[in-house]
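This report refers to the structure that appears directly beneath it.
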Amino acid sequence: MLGNNSSITVPGVGSRFRARNILFNIIGQIIPIVVGLLAIPFVIQHLGVETFGILSIAWMLLGYFTIFDLGLGRATTKFISEELKNGLTDNLGSLFWTSCGMNFILGIVGGLIIFSVSSFLAESVFKISPGLIPAARTVFMILAVSCPVVLVSTAFRGALEAAQQFKYVNIVVAASSSLSFLLPIVGILVGLDIRWIVFFLMASRLCGALAFLFLCFLVFPILKKGISFNILRIRQLIKFGGWISISNIVSPVLSYLDRFLIGSLISVTAVAYYTVPYEIGFRLSILPTSFAMTLFPSFSAAAPDSRKNMTGLYSHSVKILLLLIGPIVAVLVLFAGDILKLWLGAKFAENSTIVLQIMAAGMVINSLAQIPFALIQGFGRPDLTAKFHVLELLLYVPLMWLFVLNLGIVGGAIAWFIRVTFDALLLFFSSMKFIDSQIFFGIGLKRSVILVSFLVCSLFGLSFISGMMLVKIFISCGVILMFAITSWRYVMEGAEKELIRSMALRIVGIEAVK
């Protein structure tokens, strides 16, 4: 608990504390990944590829509901961070409850919209076999009911992240996300169809929301004084969240447009072949997401005269991410076909290998872009990211349509790669106005890029070597070991080593996690 009813303090933000939070965020995302890797083959085998495609769309819509929150979840994190940084807690309750109330109302509106178009989605938008259309229609109706729950959860979670209580956040996230994969298995085992499976997914989201609320009461005892609303808070939240809402509307479209178009232009079966490699590539974002979640409250609470001093934090984060993600992606690209064949069989490997390779390469760029994204919004300029998203949408829709229509799911992956690269360039270029560019490029970032490029080229060369898989694995391990040694001795600086060392010690349990 952070404090008593009158005073709430925020823990320090040193490298060890930051390493702890990053580690919590990583663990909170790794657990569902492991569960998903084990669960998805079973679910596909017993539901069938097309029904799994409907389930994939259900997962997608649950993530897309944030378009209705007007950016209030992000705004809640920012303004509670500022309140806690300045020691102002008297009005924290009104800020929290006002955000929750607005999210609940917006969730009802969003749910009604989804409910009203559920038949249109099932019958006209997606190419679904006639026998599955009634089930798909019911699935969309059930998802509509869950919209208010999803939106209120964003306010609860935003408050906890503002107080940097990532341990609590990730306990709930890990459990809720794991249930998204486990509940379909339970449903299959007891003979339930896709409608009941999605119903229980909705119920699990409700349980997650209640858990977040309980933790908010634990962390912020002042909330127990009662529910209160403040019109001025509405104006404050909407002013910041308005631009965030544009990003929240456009960003999910950018994220899910490929699967919508593949489902409508090709088939729901093709969505399944595309979604699996996308999810594998997307899970690579656990590191950057963990960094960005941890950094956003720090960026938000930074005083205007100290923002230049945040350059070190910003630049070191980008550099560490590049060195950590580079080897993972290089190996994934090299062994993409073998991984898919071993995991899901030859049919999936045949259809999805190239898509996975493109996705993995793009995720390096997309992952690094999350750091300038957090910095720009944390420094109070969500208008920039919103404008970038609108610009990207105008270019991305015709690009994705053209590529999917002519090249299928591989074309969708190529169009996605082009979009995330353009997005990263915009974000990094714009972030330079908030930081000291000399410091940013003076921390060995260029050496990091050269070293990662050398690693990629070395592993790429292995793809042309014919022979046993064990030989390639052995050589790859040797190359990665040399990469790690070189990075540690000649590229990383003291602060970066301390962050990595702190995370490593906590992983092996040498240093107690407080």
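Values quoted throughout were computed directly from the atomic coordinates according to the rules given, and no laboratory measurement underlies them. Keep in mind it's a predicted model, so treat the numbers as computed, not measured. Note that each Cβ is placed from the backbone with ideal geometry, even for glycine, and that neighbours are counted across all protein chains shown.
Decide, for the stretch 175-230, between rounded, prolate and oblate: order the square roots of the alpha carbon gyration tensor eigenvalues as a ≥ b ≥ c, take rounded if a/c falls under 1.5, and otherwise choose prolate if a/b is larger than b/c, else oblate. Intermediate values should be presented prior to the final figure.
Values: a/c = 5.10, a/b = 2.97, b/c = 1.72.
Taking the square roots of the gyration eigenvalues as a ≥ b ≥ c, the stretch 175-230 is prolate.
So how do 103-114, 447-458 stack up, highest first, on mean other-Cβ count within 10 Å?
On the way: 103-114: 17.8, 447-458: 16.2.
Top of the packing list down: 103-114, 447-458.
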By average C-beta atoms within 10 angstrom, highest first, the peptides 365-374, 195-204, 163-172: 365-374, 163-172, 195-204
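Checking the a/c ratio against 1.5 first, then a/b against b/c, what shape does the Cα gyration tensor give for the stretch 310-464?
Oblate is the answer for the stretch 310-464, as a/c is 1.5 or above yet b/c matches or exceeds a/b.
Assign one of three labels to the stretch 121-192, namely rounded, prolate or oblate, based on the Cα gyration tensor with a ≥ b ≥ c the square roots of its eigenvalues; rounded applies when a/c is under 1.5, prolate when it is not and a/b is larger than b/c, and oblate otherwise.
Details: a/c = 3.67, a/b = 1.84, b/c = 1.99.
Cα axes put the stretch 121-192 in the oblate bin.
Over 29 Å between C-alpha atoms is what I'm after, so list which of LYS167/LYS433; LYS127/LYS341; LYS167/LYS497; LYS347/LYS446; LYS78/LYS167 land there. Kindly include the intermediate steps, with their values, before the conclusion.
Values: LYS167/LYS433 33 Å; LYS127/LYS341 27 Å; LYS167/LYS497 23 Å; LYS347/LYS446 41 Å; LYS78/LYS167 19 Å.
Long pairs (Cα-Cα over 29 Å): LYS167/LYS433; LYS347/LYS446.
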